[in-house]
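Below: one structure, written as structure tokens.
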Amino acid sequence: MKDQFPVNESEYTDADFQKVRQIAREQAGIHLPATKKALVYSRVSRRVRELNQSSFQAYLNFVTTAAGQNEMQNLICALTTNVTSFFRERNHFDHLESVVIPQMATKVRAGKRGRLWSAACSTGQEPWSIAMSVMTAFPDAASHDFRILATDINANVIAQATEGTYNAEEIEGIPPARKSQFMEPAGNGDYRFDGPIRRLPAFRVLNLNASWPIQGSFSAIFCRNVVIYFDDATREHLWQRLADKLEPDGFLYVGHSERVSCASQCGLIQVAPTIYRKDQ
Ligand SMILES: C[S@@+](CC[C@H](N)C(=O)[O-])C[C@H]1O[C@@H](n2cnc3c(N)ncnc32)[C@H](O)[C@@H]1O
């Protein structure tokens, strides 16, 4: 079929690229600069072929019809970048274990709820790292009302994250003692999270730039390496919404190349280069 409907670069017009840009902005708040034209071609042309569409234009017309709504999700998935790793930006996990979780443990043992959020969790390395930090600093967390909400716009990565199985290369960043404590071999050199730790994360598909059906507030939110895909206005609006979802004295962790430009307007105090605390 591939050969029957070849898609070549000459069929990919500037109008097609502009249409993809418009879709990415409207559906996910993702800003695709002009420099991404070739990247968009390589990502989207696979979908055009897999659906046996005759051209980019035909594919883009299809995704905007009612019948194309499922494929619209696949298009958004194709446009997102899911690079992640265990204990990425390690200082956030050190801060979480030494400052946040001990305070949460006191509160949760007194009968209150404890909530953390990994917003844009990709294939799960971030929320599973958070879960290992929680189980290390508060070993009986899974027997209490303690949960880690883990969300992403991409349903495919949420399915992988929920499965919680990783290959040898992916688990290189996990300290060996934690690997043996929290994971079991799953064949072919893979390891899978096992035991009480599995009760901590709750995985959901969620677009950060749409409405959030989320009750309550969080002691800490990880929103890392995702706002780089948004424009300034979208970013600022998101920072404000995340700040509103933090408890007083709760923490926001951002990616190492990111900063919260509107921190003081959002009621956030910067306590380290990529760590913000919600003002009381
Ligand atoms: C580079 S990964 C970052 C993963 C993790 N936070 C980390 O720092 O390792 C970016 C993730 O953001 C997700 N994403 C992009 N736009 C989004 C949106 N509008 N709402 C929710 N997630 C989004 C992508 O699907 C992708 O999994």
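Only the coordinates and a few stated rules stand behind these numbers; no lab work does. None of these values were measured; they are calculated from a predicted model. Note: ideal-geometry Cβ built from the backbone for every residue, glycine included; neighbour counts use all protein chains shown.
Structural remarks
- Using alpha-carbon coordinates, inclination of helix 37-50 to the longest axis of the chain, degrees: 80 degrees
- A prolate overall shape is assigned to the range 166-280, the ratio a/c of its alpha-carbon gyration tensor axes (a ≥ b ≥ c) being 1.5 or greater and a/b exceeding b/c.
- Crossing angle, helix 232-244 versus the chain [Cα axis fit, 0-90 degrees, rounded to tens]: 30 degrees
- Packing-based ranking, highest mean first, of 143-156, 238-251 given that Cβ atoms within 10 Å are counted: 143-156, 238-251
- Around residue 188: net Lys/Arg minus Asp/Glu count, Cβ-Cβ under 15 Å: -4
- Estimated at 0.36 nm per residue, the fully extended path between residue 61 and residue 162 surpasses their Cα-Cα distance by 33.1 nm.
- Difference of contour (0.36 nm per residue) and Cα-Cα distance, residue 233 to residue 202: 8.2 nm
- Distance distribution P(r), the range 145-218, all Cα-Cα pairs, bin width 5 angstrom from 0: 3, 13, 21, 21, 19, 11, 8, 3, 0 percent.
- Lysine-lysine proximity count for the range 90-278, Cα under 24 Å, sequence distance 8 or more or distinct chains: 5
- When the Cα convex hull of the chain is projected onto planes of every orientation, the mean area is 16.2 nm².
- Rg/Rh for the range 2-119 stands at 1.22; both radii use Cα atoms, and Rh follows the Kirkwood definition.
- Helix 69-79 axis, angle to the chain major axis (alpha carbon atoms, nearest 10°): 70 degrees
- If a spin label sat at a point 7 angstrom from the Cα of residue 194 along the line to its beta carbon, the backbone N atoms of the range 165-180 nearer than 11 Å would be those of 180.
- Model label zone, residue 212; criterion: amide N under 18 Å from point 7 Å along Cα-to-beta-carbon; scope the range 26-60: 28-30
- Filtered trypsin sites (Lys or Arg not before Pro), the range 99-135: DSSP coil and at most 16 other beta carbons within 10 Å: 112, 113
- Candidate lysines for bridging to residue 36, where Cα separation is under 30 Å - those fewer than 8 sequence places away on the same chain excluded: 2, 19
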